[in-house]
Amino acid sequence: MKYDYRIASDRGSSFLVLDPDGVERTVTISPSLSRPAVGDYVAIDPDDRISAIGPRRGVLARARADRGNAAQIVAAHLDVVFVVTSPGREFSPSRVERYLTAAHAGEILPVIVLNKRDIANDLGALCSDLANVAGDAPVHAVSAVTGHGCEALAPYLEAGTTLALVGSSGVGKSTLANTLLGDERFVTGATRSTDGRGKHTTTAREMIALPSGAWLIDTPGMRAFAPWAGEDALAEAFADVDEAATRCRFRDCAHAAEPGCAVAAEIDEPRLARWRALRVELAYLDRRDDPAFFAAEKKRWKQRSKAQRAHYRE
């Protein structure tokens, strides 16, 4: 079977697909299929319906907010993901760590992009904060408005490459997409003056062709992002923690209060705390649809609450 078309956007009752030459076509989907993701390769039947979805790779995914046991796929067949952040309230190294974990889980090259460098009060400090969580991921400071620094992104835009822009609302993803495209294709907006938070300008994922021959997927802002990943991806995103663990005194060290813990000695406490929290979260996501696990958790918390009430009565 030939998967000659790619999903460019999901329009609810229909899909926009692109043929190998980038020509658009609107199709529906066979009722027996699960919904494809933007970037998927699909087969189209003579009735203009998606009849099959090709094998996936390069999947960027997050946990579903509705506690479903399947990942929510942000985009598929990605080679590169630009993790975009910016100075101000939306600057969050911890959120960057989460995107890096998801990228490593999908075997996608992550690139950290600090946008809006033109409004940064201390650009060097911001880049240093990002470098401290980047691991092997490159960090580039750019201004999508002035174009300053954007030339450093050119090596990631080779013909045939598929990349996605991810980050919270207000970091300038759509402005950056327009700059890379060389056209005002995507709607842009300023941050709210009341609280400095970004406004949603991109409301749906969309894939377009860049002049270089690369494919670009712009995504809506995701302030809360729970990566769909395992221990291996976490180890890649926190390579410094993983490397320090090899020097711990005990092989089964939990990196909490054990004597001779190299992780506690070498990793700064805020990053270590985020590693612990994300590790617990990933373990929870892995088991949250297990009824036996939740029954045991409910019983444990009930017993703890009962013990606390008894303690206060005494």
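The values are calculated or read from the model by the stated rules, or taken from the named source; none is laboratory data. Predicted model only: the values in this text are computed from it and were never measured. Cβ: placed from backbone, ideal geometry, glycine included. Neighbour counts: every protein chain shown. What goes into the accessible areas is simple: the full protein's heavy atoms, side chains included, and nothing from ligands, DNA or RNA. Shrake-Rupley method; radii C 1.70, N 1.55, O 1.52, S 1.80 Å.
Structure summary
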read-out: Region 218-278 and region 22-87: distance between their alpha carbon centers, rounded to Å; value: 30 Å
read-out: Prolate/oblate/rounded call for region 109-178, Cα gyration tensor, a/c under 1.5 rounded; value: oblate
read-out: Rounded percent of accessible protein surface that carbon and sulfur make up, region 1-134, 1.4 Å probe; value: 46 percent
read-out: For Ser92, distant residues with modelled amide H under 5 Å away; value: Ser86
read-out: Computed E for Glu151/Arg56 - FRET, C-beta separation, R0 41 angstrom, nearest 0.05; value: 0.80
read-out: ³J(HN,Hα), Karplus 6.51/-1.76/1.60, whole Hz, each residue of region 96-103, x for Gly, Pro; value: 4, 4, 5, 5, 4, 4, 5, 5
read-out: Positive dipole terminus of region 1-97, leading residue within Tyr3, Ser94, Ala52 (C-beta point charges); value: Ser94
read-out: Prolate/oblate/rounded label for region 29-177 (Cα gyration tensor, a/c 1.5); value: prolate
read-out: Interchain or long-range residues, amide H under 5 Å from Ala52's placed H; value: Ala43
read-out: Separation of the Asp268 and Ala70 label points, Cα + 7 Å toward Cβ, nm; value: 4.2 nm
read-out: Surface accessible to a 1.4 Å probe, Lys116 within the full protein complex, Å²; value: 50 Å²
read-out: Karplus-derived 3J(HN,Hα), 6.51/-1.76/1.60, for each residue of region 264-279, Hz, glycine and proline x; value: 4, 7, 9, 9, 5, 4, x, 5, 5, 5, 5, 4, 4, 5, 5, 5
read-out: Accessible area in the full protein assembly, largest first, 1.4 Å probe, for Ile29, Ile108; value: Ile29, Ile108
